Amino acid sequence: MNVLVTGGAGFIGSNFVYHMLNKYPDYKVICVDVLTYAGNLSTLEDALKNPNFKFYKTDICDREAIYKIFEDEKPDVVVNFAAESHVDRSIENPEVFLKTNILGTQVMMDACRKYGNIRYHQVSTDEVYGDLPLDRPDLFFTETTPLHTSSPYSSSKAGADLLVMAYYRTYGLPVTISRCSNNYGPYHFPEKLIPLMIANALNDKPLPVYGEGLNVRDWLYVEDHCKAIDLIIHNGKIGEVYNVGGHNEMKNIDIVKLICAKLGKPESLITYVADRKGHDMRYAIDPTKIHNELGWLPETKFADGIDKTIEWYLNNKTWWETIISGEYMNYYEKMYGNR
Ligand code: NAD
Ligand code: DAU
């Protein structure tokens with residue numbers, strides 16, 4: 001089988017590339033990634049040595065180039081991870097989010113239609129459901145929860161999801177969508193909560209917690225997300241949405257304190273800063289459908305996953321130090337300098 005993965009030089013996409021190459025030695029994995037600030041070719045260093053792996057530095061919005069790749073590689077299935085993924089950046093500059101996340105999705109689906117109604121999987125997010133109140137722990141997002149977005153990022157992902165379902169209904173494109181909660185693990189770009197806090201703590205820098213740090217996220221180890229997508233592309237029902245989440249809700253402040261404790265750093269590094277605009281309070285996925293239909297369950301407990309993640313950042317300092325020493329510093333100064 002030829003699996004075309006977009007955004008494979010980013011966090012989850014790269015973990016998925018390795019998952020597929022390791023699990024299916026007879027599959028070919030074709031990666032399309034334009035290498036934005038969030039894409040890193042060094043992440044794919046080992047994959048590039050594998051004869052079953054091919055990399056294209058290409059923008060998913062570049063229709064002509066994408067069509068050419070489909071002609072040359074003849075994918076059987078497309079998994080679209082490519083996206084602008086950081087909420088804070090979307091608040092600063094929404095435009096590129098609409099372009100990549102919606103128009104890029106359109107180009108990828110048009111290519112699937114043009115070259116034989118190819119199976120298409122859209123990697124979406126629990127953020128399309130908006131947020132839940134902190135005082136209603138009985139509420140969870142199911143696949144029928146209405147879309148109700150808060151940020152330009154989540155709106156662009158919801159727009160893409162609607163377009164995917166429109167391509168299914170209008171053109172009969174064989175699609176599936178997964179909506180996952182917050183991932184953590186290796187190769188997570190250090191602008192997101194967990195890797196940012198690990199990197200800052202290791203450098204004895206302030207740990208910027210938005211608002212009071214009471215917002216809740218439902219954390220899932222990235223490998224469990226990859227396994228869920230693997231199951232969906234092989235056994236998922238066409239035209240269906242699958243929620244993916246670990247039932248592992250934690251307050252931001254508790255995560256940051258845990259990281260301090262694990263690294264032997266003082267909590268006095270914690271600095272409360274201005275809240276994110278439109279900040280979602282709580283995300284919580286109900287994964288009953290994917291469990292009942294496809295037998296998926298999260299395998300990595302948070303206690304183990306966070307230890308593995310911290311260990312990975314300790315053992316792979318060059319990877320993240322290279323990132324935070326470059327262009328990223330300008331971003332950091334802009335976002336946190338006067339916050
Ligand atoms: P990421 O920002 O780490 O990686 C995104 C990748 O997409 C990068 O390699 C980047 O270079 C590439 N890319 C961006 N624009 C592109 C374009 N126009 N053409 C080709 N490549 C492009 O993101 P991530 O955290 O790995 O998220 C991957 C997907 O999963 C996204 O669609 C995101 O919405 C979704 N998701 C993420 C999470 C999470 O917790 N990180 C949770 C649920 C869903
Ligand atoms: O829920 C899935 C989503 O999870 C994905 O769709 C997004 O692509 C992914 O980036 C992530 O979005 P979040 O906004 O939840 O993740 P982030 O790591 O940016 O923030 C997690 C929480 O931590 C959030 O409540 C904001 C807070 N935060 C974040 C940063 C970067 C801080 O308090 N301080 C920070 O410096």
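The values are calculated or read from the model by the stated rules, or taken from the named source; none is laboratory data. Not measured: the values here are computed from a predicted model. Heads up, the Cβs are rebuilt from the backbone with ideal geometry, glycines too, and the neighbour counts pull from every protein chain shown.
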Quick one: would you say residue 222 is under 30 Å from residue 171 (Cα atoms), within 15 Å of ligand 1 (Cβ to nearest atom), at pLDDT 95 or above and of a type outside the set (Asp, Glu)? no
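Please pick out the residue among 147, 193 that is buried (at least 20 other Cβ atoms within 10 Å of the Cβ) and either of a type in the set (Phe, Trp, Tyr) or within 22 Å of residue 228 (Cβ to Cβ) (or both).
Sole residue among the options that is buried (at least 20 other Cβ atoms within 10 Å of the Cβ) and either of a type in the set (Phe, Trp, Tyr) or within 22 Å of residue 228 (Cβ to Cβ) (or both): 193.
Yes/no per residue for (1) modelled with pLDDT under 95; (2) surrounded by 16 or more Cβ atoms within 10 Å (Cβ to Cβ); (3) away from ligand 1 (no atom under 16 Å from the Cβ):
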| residue | (1), (2), (3) |
| --- | --- |
| 245 | no, yes, no |
| 268 | no, no, yes |
| 272 | no, no, yes |
| 275 | no, no, yes |
| 284 | no, yes, no |
| 292 | no, no, yes |
| 299 | no, no, yes |
| 323 | yes, yes, no |
Tally the residues that are among the β-branched types (Val, Ile, Thr) and under 20 Å from residue 109 (Cα atoms), restricting the search to the range 140-187. 5
Lone qualifier among 310, 306 - being within 19 Å of the chain's Cα centre (by Cα), assigned to a helix (DSSP H, G or I), more than 16 Å from ligand 1 (Cβ to nearest atom) and surrounded by 15 or more Cβ atoms within 10 Å (Cβ to Cβ): 310
Somewhere in the range 80-95, is a residue within 26 Å of residue 193 (Cα to Cα) and away from ligand 2 (no atom under 16 Å from the Cβ)? yes
Can you name every residue in the range 4-31 that is touching a strand residue (DSSP E or B) at 6+ places or on another chain (Cβ under 9 Å) and within 18 Å of residue 124 (Cβ to Cβ)? 4, 5, 6, 7, 8, 11, 12, 13, 15, 16
If we keep just the residues of the range 171-197 that are in contact with a Pro (Cβ under 8 Å, 6 or more places away or on another chain) and more than 14 Å from residue 16 (Cα to Cα), which is farthest from ligand 1 (Cβ to nearest atom)? 196
Taking the options 255, 259, name whichever one is touching a residue at least 60 places away in the same chain (Cβ under 8 Å), crowded, with 19+ Cβ neighbours inside 10 Å, within 14 Å of ligand 2 (Cβ to nearest atom) and farther than 30 Å from residue 144 by Cβ. 259
Pairing a residue in the range 36-52 that is assigned to a helix (DSSP H, G or I) and at pLDDT below 95 with any residue that is within 14 Å of ligand 1 (Cβ to nearest atom) and of a type outside the set (S, T, N, Q), where Cβ atoms lie under 7 Å and the two sit 6 or more apart in sequence or on different chains, gives 41/9; 41/35; 42/319
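What is the residue count in the range 118-139 for residues that are within 21 Å of residue 104 (Cα to Cα) and outside any loop (DSSP other than H, G, I, E, B)?
Taking the range 118-139 and keeping what is within 21 Å of residue 104 (Cα to Cα), we get 118-128.
Okay, now just the ones that are also outside any loop (DSSP other than H, G, I, E, B), so 119-128.
Total meeting the criteria: 10.
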Within the range 246-267, tally of residues that are among the small types (Gly, Ala, Ser) and more than 23 Å from the chain's Cα centre (by Cα): 2
Taking the range 108-129 as the search range and keeping residues that are among the β-branched types (Val, Ile, Thr) and near ligand 1 (Cβ under 9 Å from one of its atoms), which one is nearest to residue 152 (Cα to Cα)? 125
Mind checking whether some residue in the range 219-233 is more than 10 Å from ligand 2 (Cβ to nearest atom), among the β-branched types (Val, Ile, Thr), assigned to a loop (DSSP other than H, G, I, E, B) and within 30 Å of residue 3 (Cα to Cα)? no
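Would you tally the residues in the range 19-45 being away from ligand 1 (no atom under 16 Å from the Cβ) and either in contact with a His (Cβ under 8 Å, 6 or more places away or on another chain) or not polar (S, T, N, Q) (or both)?
Result for the range 19-45: 7.
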If you go through the range 150-206, how many residues are more than 14 Å from ligand 2 (Cβ to nearest atom), of a type in the set (Gly, Ala, Ser) and not in a helix (DSSP H, G or I)? 1
Could you say whether any residue in the range 67-83 is free of Cβ contacts under 8 Å to residues at least 40 places away in the same chain, more than 22 Å from residue 181 (Cβ to Cβ), part of a helix (DSSP H, G or I) and not acidic (Asp, Glu)? yes
For the range 71-86, which residues satisfy the criterion of being surrounded by 21 or more Cβ atoms within 10 Å (Cβ to Cβ) and either touching a helix residue (DSSP H, G or I) at 6+ places or on another chain (Cβ under 8 Å) or over 23 Å from residue 106 (Cβ atoms) (or both)? 78, 79, 80, 81, 82, 83, 84, 85
Conditions first: (1) near ligand 1 (Cβ under 7 Å from one of its atoms); (2) not in a helix (DSSP H, G or I). Residue 4 passes all but one, so which condition is the exception? (1)
